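Student: The following block contains the structure, expressed as structure tokens.
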Amino acid sequence: RILVTGAGGQIGSELVVKLREIYGDANVIASDIRVVEGEVANGPFEIVDVTDEQRIYQVAKDYQVDTVMHLAALLSATAEKIPKKAWDINMGGLMNTLEVARELNLQFFTPSSIGAFGPSTPKDNTPQDTLQRPTTMYGVNKVSGELLCDYYYERFGVDTRGVRFPGLISYVAPPGGGTTDYAVEIYYEAIKQQKYTSYIAEGTYMDMMYMPDALEAIIQLMEADPTKLIHRNAFNIAAISAEPMDFAKAIQKHIPQFELTFEVDPVRQKIADSWPNSIDSSAAEEEWGFQAKYDIDRMTKEMLEKIAEKLK
Ligand code: VAH
């Protein structure tokens with residue numbers, strides 16, 4: 001049985017559905033700080049505030065879970081607005097969930113991010129093992145989280161595993177308070193108004209990934225043979241290195257009149273500028289067979305079709 005925290009978020013809302021398809025509804029317990037609508041509600045659900053360790057322990061014990069996928073967190077732009085609260089939730093929640101995993105001997109997944117890299121990290125084809133001096137609270141949380149998860153593996157033998165997610169693009173639940181959210185908004189605005197004003201400047205490359213590839217990566221990593229894993233927290237995974245104009249060009253193949261303009265948000269631009277342009281995922285490919293399936297054209301076709309359906 002699997003407990004998912006942050007099940008109402010951008011990743012959680014789709015991961016829970018996919019896990020239930022694979023392992024059965026009753027075997028995937030969704031949890032979040034507030035009640036969640038939609039498909040996630042079609043199976044076991046519990047209110048869990050990850051800053052309450054006892055509550056996490058109780059739910060994990062009651063359902064006799066053997067795995068926890070910890071997704072509850074504040075994303076980069078939100079974390080910059082409320083850094084102390086971001087630390088309390090992102091690090092306090094992680095420590096609490098790791099402690100429960102240690103006490104109940106649970107397999108453990110939590111995502112890191114390209115946000116775990118900083119301005120002094122090599123920007124192109126960022127290596128798996130490299131300098132990580134992030135300059136955002138979110139980045140500090142992610143690099144600390146990677147170290148904490150590796151510590152719990154080395155010190156207590158907790159089977160912790162993680163991936164450094166690029167900006168994730170999906171049409172089910174919107175991201176909340178991320179820097180890469182423009183790459184989701186652009187598709188909704190393309191359908192609604194055939195135009196979008198990007199808060200990230202032209203020419204700003206970041207690694208992006210379509211949600212189906214992200215979900216596949218989580219499941220593949222968690223099912224990987226542990227004797228093959230040289231790294232654990234966390235693996236670089238990459239799919240699409242793109243700047244706003246790349247999305248515009250891909251959209252214009254379907255909506256020729258689509259127009260992209262720019263009104264840069266200095267706060268989120270600063271965050272984006274501190275992150276890599278592209279990352280190297282060879283360690284994940286070699287150690288557990290990671291392979292992204294969606295490029296920007298295949299993702300764009302599907303995103304526009306699904307959002308058009310959703311907004312009917
Ligand atoms: C964010 N979507 O923008 C998240 C992610 C790499 C970006 O961490 O904060």
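The values are calculated or read from the model by the stated rules, or taken from the named source; none is laboratory data. None of these values were measured; they are calculated from a predicted model. All Cβ positions, even for glycine, are placed from backbone atoms using ideal geometry, and neighbour counts span all protein chains on display. Protein only, heavy atoms only, side chains kept; ligands, DNA and RNA dropped before computing areas. Shrake-Rupley method; radii C 1.70, N 1.55, O 1.52, S 1.80 Å.
Student: Quickly estimate the mean residue ellipticity at 222 nm for the chain, helices only: each DSSP H run with n ≥ 4 gives -39500 (n - 2.57), and the total goes over all residues, rounded to 500. Walk me through the numbers on the way to the answer.
Tutor: Details: 12 runs with 128 residues, N = 312.
Helices in the chain give a 222 nm mean residue ellipticity of -12500 deg cm²/dmol.
Student: So what's the convex hull volume per residue for the Cα atoms of the chain, in Å³?
Tutor: For the chain, the hull spanned by Cα atoms encloses 119 Å³ per residue.
Student: Right, another one. Write down, largest first, the equivalent ellipsoid semi-axes of segment 29-180 in whole Å, where each equals the square root of 5 times an eigenvalue of the alpha-carbon gyration tensor. Mind dumping the intermediate values first?
Tutor: Working: eigenvalues 133, 76, 39 Å².
Equivalent ellipsoid semi-axes, largest first: 26, 19, 14 Å.
Student: Related question: Pairs to check: LYS195/LYS270; LYS192/LYS312; LYS192/LYS253; LYS18/LYS192. Give those whose C-alpha atoms are more than 19 Å from each other in this structure. Walk me through the numbers on the way to the answer.
Tutor: Values: LYS195/LYS270 24 Å; LYS192/LYS312 10 Å; LYS192/LYS253 17 Å; LYS18/LYS192 28 Å.
From the list (LYS195/LYS270; LYS192/LYS312; LYS192/LYS253; LYS18/LYS192), the Cα-Cα distance tops 19 Å for LYS195/LYS270; LYS18/LYS192.
Student: Let me have the relative contact order for segment 3-123, percent, based on Cα pairs under 8 Å that are six or more residues apart.
Tutor: Values: 173 pairs, mean separation 30.5, N = 121.
The normalised contact order for segment 3-123 reaches 25 percent.
Student: When the chain is treated as a GNM, springs tying every alpha-carbon pair under 10 Å, which of GLN252, GLN128, GLN107 comes out with the largest mean-square fluctuation?
Tutor: In the Gaussian network model the winner is GLN252.
Student: Ignoring ligands, DNA and RNA, what percent of the accessible area of the chain is carbon or sulfur (1.4 Å)? Intermediate values should be presented prior to the final figure.
Tutor: On the way: 6660 of 13170 Å².
It is 51 percent, rounded to a whole number.
Student: Any idea what the dipole of the chain comes to, in debye rounded to 20, about its Cα centre with Lys/Arg Cβ at +1 and Asp/Glu Cβ at -1?
Tutor: Values: 30 positive and 46 negative charges, 87 e Å.
It comes to approximately 420 debye.
Student: Hey, in the GNM for the chain with a 10 angstrom Cα cutoff, which one of PHE247, PHE258, PHE156 fluctuates hardest?
Tutor: PHE156
Student: Another question, if that's okay. Test of understanding: given the chain, find the longest segment containing no GluC sites (Glu not before Pro) that are in a DSSP loop and have at most 13 other Cβ atoms within 10 Å.
Tutor: Working: sites that count: GLU37, GLU202, GLU223, GLU263.
Longest site-free region, per DSSP loop and neighbour criteria: 38-201.
Student: List the trypsin sites (Lys or Arg not before Pro) within segment 1-84 that fall in a DSSP loop (any state other than H, G, I, E or B) and whose Cβ has at most 10 other Cβ atoms within 10 Å.
Tutor: ARG34
Student: P(r) of segment 213-312 in 5 Å steps, Cα pairs, percent per bin?
Tutor: Answer for segment 213-312: a P(r) of 2, 10, 16, 16, 16, 16, 12, 7, 3, 1, 0 percent.
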